[in-house]
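Report on the following structure.
The values are calculated or read from the model by the stated rules, or taken from the named source; none is laboratory data. As the structure is a computational prediction, the values presented were derived from the model and not from experiment. In this analysis, Cβ positions are derived from the backbone assuming ideal geometry, glycine residues included, and neighbour counts consider all displayed protein chains. In case anyone asks, the SASA skips ligands and DNA or RNA and just uses the protein heavy atoms, side chains included. Shrake-Rupley method; radii C 1.70, N 1.55, O 1.52, S 1.80 Å.
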Amino acid sequence: MNKKLGFISLFITSVLFSTYGIFSRFLSKQLTVFQQLSFRYSIGIVMILVIIFFIKKQSFHIKKFFNLKIGFFALLIPISFYFFIKAFLESKLSVSISGFYAGTILSSLFIGYFFLKEKITHNGLMGFIFIVFAFILLNNLNLQEITNIGLIWGLISGVAYGMANFIKKNSGKFSKEEVLLILSTSTAVFMQILSFVNKEALPVQISSITLINLFLFVAVALSAEYLTILGFRNFDLYLGSIILSLEIVFTIFVGIIFFKEFPTNFELIGILFIIISVVLTNLPVKTTMKYRVKS
């Protein structure tokens, strides 16, 4: 593994993830959440196929995709998106995203230790403690607000995404473009079905500004997912998930710059704790003692 490449890829991904709110707010003027996801990944399918066939000129065998692991992966991503949307609609964004990353980190910790035999260091455990306190602080110590149904939906979303990241990491026989194609196809289909079920009317006319934002969003989203594949193939699952949580830090800065949404003092301490967690968990291994579960 090239851990430097993995770290940089996941760090950039966290920055890209933080911009999703900008695009979503602009697109919400003409598109529902389900339509945004469906249109975004439908366009993504076309772009990925162009890359596979005309740019990289890769061979493509449809039978390769018919296996249990890939089928499971194709379900996990849209399920993760769906429950995050459900969390966001039923609670504050801070609760949704805290639940999401709690679920991602916990599932990554479990899978990393028991299935990938990743070593858990004292610093790794300290990092986890810091990030738990960070989530509480990001919700201004309002435990009544945190512990609602939105947190549960966020946790489910995060667990599904953590499991999907495990498959990304262990899908070596599939190219990164093929993994992106699976992700995009399953999400586009699943979200379009939900849009129809909710009886959402297709927009009669989409403005040129909305189209530009939609295509930019596609480019950013595909780049972010590509980098998660590259990142996790070159980095530990658990530690990589903590790096991704920097999205929360960058999202707060995006809120300040684009929407004049300023964080509270508790939220500022929370983002400081996230940064500390990332630094702690990525200190050189020689500075830590290995943690082992007693059998």
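Listing for the model above:
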read-out	value
First in the range 21-38 and open to solvent by less than 20 Å² (accessible area, probe 1.4 Å), second anywhere and modelled with pLDDT of 95 or more and among the basic types (Lys, Arg), Cβ under 9 Å, 6 or more apart	LEU27/ARG40
Matching residues, the range 249-295, being open to solvent by 80 Å² or more (accessible area, probe 1.4 Å), within 21 Å of PHE133 (Cβ to Cβ), modelled with pLDDT of 90 or more and among the aromatic types (Phe, Trp, Tyr)	PHE253, PHE266
Condition check for PHE190: at pLDDT 95 or above and crowded, with 21+ Cβ neighbours inside 10 Å	yes
Enumerated helices (runs of 4 or more DSSP H) restricted to the range 1-88, each holding at least 3 residues that are in contact with a Phe, Trp or Tyr (Cβ under 6 Å, 6 or more places away or on another chain)	3-18
Residues within the range 190-245 that are free of Cβ contacts under 8 Å to residues at least 60 places away in the same chain and under 18 Å from MET1 (Cα atoms), tallied	1
Selected residue (only one of ILE120, ILE136 is on the phi < 0 side of the Ramachandran plot and open to solvent by 40 Å² or more (accessible area, probe 1.4 Å))	ILE136
Some residue of the range 78-88 being within 26 Å of GLY21 (Cβ to Cβ), open to solvent by 30 Å² or more (accessible area, probe 1.4 Å), charged (D, E, K, R) and in contact with an Asp or Glu (Cβ under 8 Å, 6 or more places away or on another chain)	no
Unmet criterion (only one of (1) over 26 Å from PRO203 (Cα atoms); (2) open to solvent by 40 Å² or more (accessible area, probe 1.4 Å)) for ILE97	(2)
